[in-house]
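The structure appears below as structure tokens.
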Amino acid sequence: MSVLDFGKDHEEKIEKKGLACKPLSGFNHIAVFYRWLYEKGQIKEELLDKEPDFKAAFSGKKDLRAAIRNSKLVRAGLETDFIKDEGRRFANEYYRFNKNGFPNDVDLYALSVFGEEKYNCDEFKNEAYLFLEFNEEYYKGLSSYIEERWQKRTPKIKGETIGKDKLDFILERIKKETETDVISIRLGIDTPGLCDSKVAGYPYWPKDKEYPLDNEGNKMLLLAQINLADFKHEKFPDHGLLQFFVANDDMIGLDEENGHKVVYHEFIDETISLDDVKNMGIISNEDIEDEFFMFPTQKSYPMMFEVKRESINSYQDDFRERVADILKENFQIDCKDKFYWNYLSEDDVNYIEQGQDGANHKLLGYPIFCQEDPRDYMKDAYEKYDTLLFQLDSEYDRAFDLMFGDSGVSNFFINSEKLAKLDFSDVLYNWDCC
């Protein structure tokens, strides 16, 4: 998931520069792109089902800009998670930002409407695109630029290919054989509360409980907090808080014997306040002002959950073996060393691997890694950690600033029997980056 364009960035320009246009103008070009995608049949039904205002806006009954701004699902921006595969590939290809922070076509269209002299006038303060009137003429004009790019888009599969039907057969077979539950996590843009599910910020903490400390005796930072009442799944209780703490050091707790801690609070004392937490000497990542601060974010983001199904992804060795076996069994392509990428075109490889993407934030499911699975190189010691408890990925775009090292990802693994007993005393923590 990714927010390609964040409407509130444009809205803030209007306020900061004192522009004589309505705040919703910051969502004009994003609304055009959404409507164009809808008319191309590239918007997923999931968005229309979960956000009735979008459906009404696409039929002209509501203002699409307001629907985008108020939506927690699309997070006030162009959210690729609700765009179908072909449209999503095009959106990522099309959204090349210029120096002002939006696609070049938005700028070019404004220039064509106003002319060079007015486009550069003092009134517009280099933000002419925000002064275009949001109407049918605007939609037709800007969408014509988008349509032209669409007609010239990069084909889905290039070069010598075994064919889309065969590639889809491989993906469907792997999906059928390996599908499992995953609790998908989306980040929001609102300010989370003390007991809310969230990334970072201040943790809930009862007064009579010992707080997690690192090897130096310093209080750890909250990496994530999950209110289990926010979703239902048989492997988790329907109440309480699950917290993930890490040491505040240059490796985010990775190299310390006591560099991380997972805590489960079965019951929440609703009388505990933020001031109570602060009075215990507990700090959050948002309190730290240090140019060498290595923690993945200086902000806090709320979490939203959805139970889904996902299949094994290309980060696991088993994926490689399954692809090779299917190629040999069904299409007589013998990948003798199981390295299928040596036998398929680069575009076919990309198609297969992008079709099984395990990235993003989640509970359960299949993990991803930038380097390798730590359980592979210490199998005797780590094979007991057979379940992905929690994964927090990097997410950095127009709306979010969350990154482990250089575009890394963090994982917490647990033994399935210990998870069933809600015993979080022995959890394997890892993060790596590119």
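Data overview
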{"item": "Residues that are under 21 Å from A224 (Cβ atoms) and either over 17 Å from the mean Cα position of the chain (by Cα) or surrounded by 15 or more Cβ atoms within 10 Å (Cβ to Cβ) (or both), drawn from the range 300-314", "result": "S300, Y301, P302, M303, M304, F305, E310"}
{"item": "Residue among D397, D386, D373, D357 that is under 29 Å from A200 (Cβ atoms), among the acidic types (D, E) and at pLDDT 95 or above", "result": "D386"}
{"item": "Residue within the range 381-388 that is touching a Gly at 6+ places or on another chain (Cβ under 8 Å) and either under 30 Å from G26 (Cβ atoms) or assigned by TED's automatic domain parsing to the domain that holds F295 (or both) present", "result": "yes"}
{"item": "All helices (runs of 4 or more DSSP H) inside the range 1-85 with 1 or more residues being acidic (D, E)", "result": "7-17, 28-39, 45-50, 52-58"}
{"item": "Every residue from the range 126-154 that is under 21 Å from E11 (Cβ atoms), of a type outside the set (D, E, K, R) and surrounded by fewer than 16 Cβ atoms within 10 Å (Cβ to Cβ)", "result": "N126, N135"}
{"item": "Near pairs, Cβ below 7 angstrom, 6+ apart or cross-chain, from the range 174-200 (farther than 29 Å from D325 by Cα and touching a residue at least 60 places away in the same chain (Cβ under 8 Å)) to any residue that is assigned to a helix (DSSP H, G or I) and of a type in the set (S, T, N, Q)", "result": "A200/N285"}
{"item": "Residue within the range 111-125 that is surrounded by 20 or more Cβ atoms within 10 Å (Cβ to Cβ), assigned to a helix (DSSP H, G or I) and not basic (K, R) present", "result": "no"}
{"item": "Meets criteria (surrounded by fewer than 20 Cβ atoms within 10 Å (Cβ to Cβ), under 16 Å from G281 (Cα atoms) and basic (K, R)) for K232", "result": "no"}
{"item": "Check on L223, buried (at least 16 other Cβ atoms within 10 Å of the Cβ), assigned to a loop (DSSP other than H, G, I, E, B), assigned by TED's automatic domain parsing to the domain that holds R398 and of a type in the set (A, V, I, L, M)", "result": "no"}
{"item": "Among (1) touching a Leu at 6+ places or on another chain (Cβ under 9 Å); (2) closer than 22 Å to A66 by Cα; (3) in the same structural domain as H10 (by TED's automatic domain parsing), the one test that R186 misses", "result": "(3)"}
{"item": "Residue selected from the range 385-403 under the condition without any contact (Cβ under 8 Å) to a residue 40 or more places away in the chain and touching a Phe, Trp or Tyr at 6+ places or on another chain (Cβ under 9 Å), by the criterion surrounded by the fewest Cβ atoms within 10 Å (Cβ to Cβ)", "result": "D386"}
{"item": "Odd one out for K209, checked against (1) farther than 30 Å from D9 by Cβ; (2) under 24 Å from the mean Cα position of the chain (by Cα)", "result": "(2)"}
{"item": "For E11: the one exception among (1) at pLDDT below 95; (2) within 19 Å of Y145 (Cα to Cα)", "result": "(2)"}
{"item": "All positions within the range 71-89 that are of a type in the set (A, V, I, L, M, F, W, C) and either over 16 Å from E395 (Cα atoms) or more than 13 Å from the chain's Cα centre (by Cα) (or both)", "result": "A76, F82, I83"}
{"item": "From Y139, Y95, residue being at pLDDT 85 or above and closer than 25 Å to C21 by Cβ", "result": "Y139"}
{"item": "Count of residues meeting criterion [charged (D, E, K, R) and in contact (Cβ under 8 Å) with a residue 40 or more places away in the chain] in the range 19-38", "result": "1"}
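The values are calculated or read from the model by the stated rules, or taken from the named source; none is laboratory data. Note that the coordinates shown come from a computational prediction; the quantities given were computed from them, not determined experimentally. Using ideal geometry, Cβ is built from the backbone for each residue, glycine included, and neighbour counts are taken over all protein chains shown.
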